[in-house]
Amino acid sequence: MSRPTIEREDASRTPRGASAITFPPRFLWGTATSSHQVEGEQTQSDWAAWEARRGRIHGGDRAGRACEWWAGRAEEDFERARTMGHGAIRLSLEWSRLEPRPGVFDEAAFDRYARMLEKARAIGLTTMVGLDHFTLPYWLAVRGSWLAEEAPDRFARYADRCARRLGDLVPLWTTLNEPSVLAFMAYVGKAWPPGLGNPVLGARALRAQLVAHGAAYHAVHDARRDAQVGLVLNLPAIDPYDSTSARDRAVATAQDWAFNGVVLDALAHARLRFPLALREESAPVLRGPNGPALDFVGLNYYGRYRVRFDARHPAELFGRRDARETVHTESNDWGEIHPEGLTRQLMRLARAFPRMPLYVTENGMFDPSDTRRPSYLVSHVRAVHDAIAQGADVRGYFVWSLIDNFEWAEGWSTPFGLLALDRTTQARTARRSADVYSAICRANGVSDALEA
Ligand code: FCB
């Protein structure tokens, strides 16, 4: 294969910040991706079917060829990441490829992933591999997606197969990605498949995913004793718009519980509380040998939501997000840029799970002109450093994303990549953010030179 090329964008502007900081030795610096968003030629999932329906995706976009990872470009992009000084990459396996029919596994698809993972290892990129990142096999979707009674058990059997087949190549496994986000976008809301628009079903889907996480955690460990298995959570900071207003504070607390708190509580105490269950129930599947069924926690963090009391929004627990200062599109909102929230959520995890290794598994922003992203990255890297200084055992940081990719209901309209993708030619162009992030990786922190 020829050496991958990366073109350069103008590097005349530099971010501003404070003094130099250094991270612990062996800290992992990487980027995150997911199968459906980058692979292309993916036809057997609920998402492939969803994209084919009118009006579902911004501009009628489809993932299509995506970044052609399945066709062979994953390896090139791994080399680019390595050339830029990264030490790690987060990717996911596509369940619908590996188990195209219930109980029937595709060995050729396993071979393709094995080749990708071997390449990453050969060039010194540590992999964090997700068993699932939002998409489900179509055969499970027609049976009810996460509401199908068999779903957690099916997921555990698939996890067992992946651990046996690929375990030698995977130092860090994750089970699911952002169960709360999926529950809200696809079950409470209607933006993602199955698009049910029902809060009661949202709570059921969230509960099923937590059970599935526990079942998969045990399945991977049964298959491979030495495995490291985590779960990836999206924990936005949720604050009252006006902290002197009791009603704003109440709705912020309620939203934080429904999205963040109830999940942390379930994982930390192996129990299901409202709205996951009407009355508190214990959940033994969430218990591991020495505490929670978790070897590490992944935190995806984008920003902060400020919420006001609004009686017209019962479905949002009477809290309306203030979107004036947020990074948003017409249909999605990643919150206000608020690096302190990242420190806060890491410390919250450190308190909920004492001595647990933590990773920032996603952080980034879509920024077509790449004017704000460089300083976003530097300020959030500083926020991670603050959490480490306060005692959190953070082991790595992954930017979302290595390359522009198919952003779910936003289609191709929200470029998150360090590398810009030309979808016609498949050329990759490094944005200025890519250079800034390279400098962070190489310095293992933020150097004086980067500040200057
Ligand atoms: C996260 C998802 C990821 C991507 C980023 C922008 O919530 O995990 O797939 O969509 O947001």
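The values are calculated or read from the model by the stated rules, or taken from the named source; none is laboratory data. These figures come from a predicted structure and were not determined experimentally. Cβ sites come from the backbone with ideal geometry, for glycine too, and all protein chains shown count toward neighbours.
A few comments on the model shown:
- Among the residues of this structure, Glu94 does not count as one that is surrounded by 15 or more Cβ atoms within 10 Å (Cβ to Cβ), of a type outside the set (Phe, Trp, Tyr) and touching a residue at least 60 places away in the same chain (Cβ under 8 Å).
- Restricting region 406-425 to residues that are in a loop (DSSP other than H, G, I, E, B) and either within 8 Å of the ligand (Cβ to nearest atom) or among the acidic types (Asp, Glu) (or both) leaves a set whose member that is nearest to Val38 (Cα to Cα) is Glu407.
- Just one of the listed residues (Gly144, Gly189) is more than 16 Å from the ligand (Cβ to nearest atom) and surrounded by fewer than 20 Cβ atoms within 10 Å (Cβ to Cβ), and it is Gly144.
- Every condition in (1) buried (at least 21 other Cβ atoms within 10 Å of the Cβ); (2) among the hydrophobic types (A, V, I, L, M, F, W, C); (3) more than 16 Å from the ligand (Cβ to nearest atom) is met by Ile388 except one, and the failing one is (1).
- Selected residue [farther than 20 Å from His221 by Cα and more than 16 Å from the ligand (Cβ to nearest atom)] from Pro179, Pro137: Pro137
- Strands (runs of 3 or more DSSP E) contained in region 216-325 and holding at least 1 residues modelled with pLDDT of 95 or more: 229-234, 237-240, 296-300, 304-309
- Any hit, region 338-360, residues being in contact with a Phe, Trp or Tyr (Cβ under 8 Å, 6 or more places away or on another chain), within 16 Å of the ligand (Cβ to nearest atom) and farther than 19 Å from Thr22 by Cβ: yes
- Condition broken by Leu450, with the remaining ones in (1) surrounded by 19 or more Cβ atoms within 10 Å (Cβ to Cβ); (2) at pLDDT 95 or above satisfied: (2)
- Any strands (runs of 3 or more DSSP E) falling wholly within region 326-386 and containing at least 1 residues that are under 16 Å from Glu178 (Cβ atoms): 333-336, 358-362
- Number of positions in region 371-385 that are within 16 Å of the ligand (Cβ to nearest atom) and surrounded by 19 or more Cβ atoms within 10 Å (Cβ to Cβ): 4
- Residue match in region 383-395 (condition: acidic (Asp, Glu) and either farther than 22 Å from Leu172 by Cα or touching a His at 6+ places or on another chain (Cβ under 6 Å) (or both)): yes
- Annotation note: of Gln209, Gln228, Gln255, the sole residue that is away from the ligand (no atom under 16 Å from the Cβ), surrounded by 18 or more Cβ atoms within 10 Å (Cβ to Cβ) and of a type in the set (S, T, N, Q) is Gln255.
- Taken over region 193-206, the criterion of being in contact with an Asp or Glu (Cβ under 8 Å, 6 or more places away or on another chain) and surrounded by fewer than 23 Cβ atoms within 10 Å (Cβ to Cβ) is satisfied by Pro194 alone.
- Contacts under 7 angstrom Cβ, first residue in region 373-387 being within 17 Å of Ala430 (Cβ to Cβ), partner of a type in the set (Phe, Trp, Tyr), 6 or more apart: Leu377/Tyr437
- Options Phe155, Phe134: the member that is under 30 Å from Leu201 (Cβ atoms), in a helix (DSSP H, G or I) and not β-branched (Val, Ile, Thr): Phe155
- Residue in region 28-38 that is more than 16 Å from the ligand (Cβ to nearest atom) and either in contact with a His (Cβ under 7 Å, 6 or more places away or on another chain) or within 26 Å of Val381 (Cα to Cα) (or both) present: yes
- Given (1) assigned to a helix (DSSP H, G or I); (2) in contact with a helix residue (DSSP H, G or I) (Cβ under 6 Å, 6 or more places away or on another chain), index of the condition Ala434 fails: (2)
- Candidate set: region 294-335, residues that are farther than 24 Å from Leu196 by Cβ and among the hydroxyl-bearing types (Ser, Thr, Tyr); chosen: the one nearest to the ligand (Cβ to nearest atom): Tyr302
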